[in-house]
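S.K.: Attaching a single structure in structure tokens format; questions to follow.
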Amino acid sequence: MLKKLCPKIQADSILDLDPAYLRAIGIKGIIFDLDNTLVEWKRDQLTPEVIALIERFKTEGFKLCILSNALEYRVEAVAQVLGVPYVSRAVKPRKSPFRKALEMMGTTPQTTAIVGDQLFTDILGGNRMKLCTIWTPPISNTEFFSTRIVRCLEQLVLKRFRKKGIIR
Ligand SMILES: [Mg+2]
């Protein structure tokens, strides 16, 4: 179980993601979580830096997709600004929404990465699908009450990973 929660790669911020490195390890498509990964929770405000990052990935030829458990109108608004396809109300960590994202991008699990802030949805789901899982710490600490409960568990897992030296 713990192994399935462990990200393959850890980045301090999505802005640290390096297209050249990801290409070098065989990645062709990237799935992005929405809340607390691309934008602060419930604030659909994309920063110029995040917009530039997505543009850079597009220019470099990566297929992109937003995969979020949030409602369609919110995911769609951000996806439209970024000009990338999306899957909303995704019920991560279930596999079906991940499959849908792969289908949209035309990539395989071996060539796809998922970037997200939650071990129990983004990373667990990505690992179940055998994607390259990239964990970035949440960009704000406001979120759903239910998410906050899961975060307590997440902290325990993170503490253990840190102790083992698996993550920083
Ligand atoms: Mg999130």
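S.K.: Can you pull the semi-axes for the stretch 1-83, root of five times each eigenvalue of the Cα gyration tensor, sorted largest first, whole Å?
M.R.: Working: eigenvalues 87, 63, 28 Å².
Square roots of five times the eigenvalues give 21, 18, 12 Å.
S.K.: How many angstrom lie between the C-alpha centres of the stretch 39-86 and the stretch 145-160?
M.R.: With the stretch 39-86 and the stretch 145-160 each reduced to a Cα centre, they are spaced 25 Å.
S.K.: If you roll a 1.4 angstrom probe over the protein chains with everything in place, what fraction of the accessible area of the chain belongs to carbon and sulfur, to the nearest %? Could the numbers behind the result be given before it?
M.R.: Details: 4900 of 8860 Å².
It is 55 percent, rounded to a whole number.
S.K.: How far apart, in nm, are the 7 Å Cα→Cβ label points at residue 159 and residue 3?
M.R.: 2.5 nm
S.K.: Please build a GNM for the chain, connecting alpha carbons under 10 Å apart, and tell me which residue among 29, 106, 125 fluctuates the most.
M.R.: Judging by the Gaussian network model, the answer is 106.
S.K.: Run the simple label-point estimate for residue 72 and residue 99 please: 7 Å along Cα→C-beta, distance reported in nm.
M.R.: Those two pseudo-labels are separated by 2.1 nm.
S.K.: Please give the per residue accessible area of the chain, computed with a probe of 1.4 Å over protein heavy atoms only, in Å². Write out the running numbers ahead of the final one.
M.R.: Values: 8860 Å² over 168 residues.
On a per-residue basis, 53 Å².
S.K.: Can you give me the orientation-averaged projected area of the convex hull built on the Cα atoms of the stretch 2-164, in nm²?
M.R.: Mean projected area for the stretch 2-164: 8.5 nm², to one decimal.
S.K.: Next up: So what is the diffusion coefficient of the stretch 107-159 in µm² per second by Stokes-Einstein at 4 °C and 1.567 mPa s, using a Kirkwood Rh over Cα pairs? The partial results should precede the final answer.
M.R.: Values: Rh = 11.8 Å.
The estimated diffusion coefficient comes to 110 µm²/s.
S.K.: Considering Cα pairs under 8 angstrom that are at least six residues apart, work out the relative contact order of the stretch 49-168 and quote it in whole percent. Please report the intermediate quantities before stating the final value.
M.R.: Details: 139 pairs, mean separation 19.8, N = 120.
With pairs under 8 Å counted, the relative contact order is 17 percent.
S.K.: Can you pull out the GluC sites (Glu not before Pro) in the stretch 1-83 that DSSP calls coil and that have at most 15 other Cβ atoms within 10 Å? Could the numbers behind the result be given before it?
M.R.: On the way: sites: 40, 49, 55, 60, 72, 76; in loops: 40, 60.
Passing sites in the stretch 1-83 are 60.
The values are calculated or read from the model by the stated rules, or taken from the named source; none is laboratory data. Everything numeric here is computed off the predicted structure, so don't read it as measured data. As a convention, Cβ positions derive from the backbone with ideal geometry for all residues, glycine included, and neighbour counts pool all protein chains shown. The area values use the complete protein model at the heavy-atom level, side chains included, leaving out ligands, DNA and RNA. Shrake-Rupley method; radii C 1.70, N 1.55, O 1.52, S 1.80 Å.
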